[in-house]
1. With charges only on Cβ, +1 for K and R and -1 for D and E, what is the dipole size of the range 2-68 about its Cα centre, in debye, rounded to 20?
2. With an 8 Å Cα cut-off and a minimum separation of 6 or more residues, compute the relative contact order for the range 2-68 in percent.
3. Using the Karplus curve 6.51 cos²θ - 1.76 cosθ + 1.60 with θ = phi - 60°, what ³J(HN,Hα) values do you get for each residue of the range 365-371, in whole Hz, with x for Gly and Pro?
4. As I understand it, the value is the acute angle between the Cα axis of helix 38-50 and the longest principal axis of the Cα atoms of the chain; what does it come to in degrees, rounded to 10?
5. Going toward the positive end of the dipole of the chain, with +1 on Lys and Arg Cβ and -1 on Asp and Glu Cβ, which of Ala330, Ala421, Phe340 do you reach last?
6. A 26 angstrom limit on the alpha carbon distance is what I want to check against. Which of Lys41/Lys356; Lys277/Lys363; Lys116/Lys210; Lys31/Lys343; Lys312/Lys356 exceed it?
7. Considering all alpha-carbon pairs of the range 2-68, what whole percent are spaced by more than 16 angstrom?
8. How about the range 318-350: which GluC sites (Glu not before Pro) there are in a DSSP loop, with at most 10 other Cβ atoms within 10 Å of their Cβ?
Amino acid sequence: MGRNRMKGKHLRKVDFPSDIAKSLAINIMTKHYKHVPLEEKLEIINNVLSDPDNYLDHEFLMPLASALSEKPKLKTELEVYQLRENGNLNIYGRKQIGLNAIQQMEAAMQLPVAVKGALMPDAHHGFGLPIGGVLAVDNAVIPFGVGLDIGCRMALSIYPISDSHLISREYELHKALKRHTHFGNDGGLDFETEHEILDRSEFQATALLKRLHNKARFQLGTSGTGNHFVEFGTVIIDAGNTLQLKPGKYMGLLTHSGSRGLGANIADAYTKIAMQKCKLPPNLKSMAWLSMDDEAGAEYWLSMNLAGDYAKACHDVIHNNLSRALGLEAMCKIENHHNFAWKEIHEGKELVVHRKGATPAAKGEYGIIPGSMCSRGFIVSGLGNPASLNSASHGAGRKMSRGEARNGITKALHNQQLAEARVKLIGGSVEESAAAYKDIEVVMQNQQELVKTEGTFTPKIVRMNKS
């Protein structure tokens, strides 16, 4: 297979119209044609280059063909758009959602490109879309509809050992968390990490990605601030689960973080480009979009997907480092994005679905919906409800902003809740106290038609950024 692997040097004599097309070609060959001989790969690429329209419906080659087909030139003038009446919006758990979040979502539904929307029961006011907002649009992507932390995700490793190890190996687990994780924007891990994501050709596709490559290398395997965490806890697998796991109690490792500085810089850069091209009212200006037919839209889509894969790589590194340090091997791993955009078919039409703090929940799709540091979270499988655009909540959701939590929650209450839940916390602050979050049990009751519960995860040893 090594001899067949395609690299940039193999394409020096191929006349690509752009670096994006070249990156797409390499990624398609790596993903879908990895066992095909190198000479045959080059022949396939040249065939697409010579007649891209012939491959626009091809299962694997369509993205490259689309990038090579003729596209309208970028508009240089600022375009003014008229808003329309509120569109098709479904709200779950309305009683637990603040009016400002509902109004924010209703405003997003007035965008000319908006087709359908849904608001999850953990929703609260955010920047651009509310957290917990799902928005499907036609042939466009909204950088701020995805958010700053592109590809923020959950990952759960379930180990084939009893949760009693959380007590018997508490010191070892505590030490491993401090040694093998890092939070915040200052500093990094004190040992080198590696992952194939850093060799991806997309890092050479644009000037911005080239510039961010070193930052991505430095931050690989680290976690952000806010509500990001790495924690050990008790996994309970339900009888009748579809995970093909024996019901019972296990020890698990749960992580929550995203694409770090890579995603934040991509979001900032392309939101500014979108706002330069798209004139919207002040309350919606950050929801400016990029056409999927524009060069900027194609660049953002490529960059967003790279950031999503980088976020997954960070989780992979964290889980691998901790598992190796503890001499453990997971028997199952479940993970999902919740700040991302996907091309999906809904009601027979391809739409771009933005899930800002929402879990993909297509039929049979697995995910993790955490509570707070003092409450259980849920392992779920999607029910594929079209009314929610195949989505569910991404957590319990905040009932207090971070400022409100700082001013309204005492350290005494924070510590009392930790003690009652028997949770050991490394770092953290009152901003992420359990009291700042909605009741996850109520949230789950409000989405019974969206997901099926397969099991639960209860935190026991938690590490977060110290604010």
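1. Charge dipole of the range 2-68: 600 debye, to the nearest 20.
2. Details: 53 pairs, mean separation 23.3, N = 67.
Answer for the range 2-68 is 35 percent.
3. 7, 8, x, 10, 10, x, x
4. For helix 38-50, the angle is close to 60 degrees.
5. Ala421
6. Where the Cα-Cα span goes over 26 Å, the pairs concerned are Lys41/Lys356; Lys277/Lys363; Lys116/Lys210.
7. In whole percent, the long-distance tail amounts to 38.
8. Working: sites: Glu329, Glu335, Glu344, Glu347, Glu350; in loops: Glu329, Glu347.
Hits after loop and neighbour filter: Glu329, Glu347.
Every read-out reported here was derived from the displayed coordinates using simple, explicitly stated rules and does not represent laboratory data. These numbers come from a predicted model, not from an experiment. Here the Cβ is made from the backbone with ideal geometry for all residues, glycine too, and neighbour counts use every protein chain on show.
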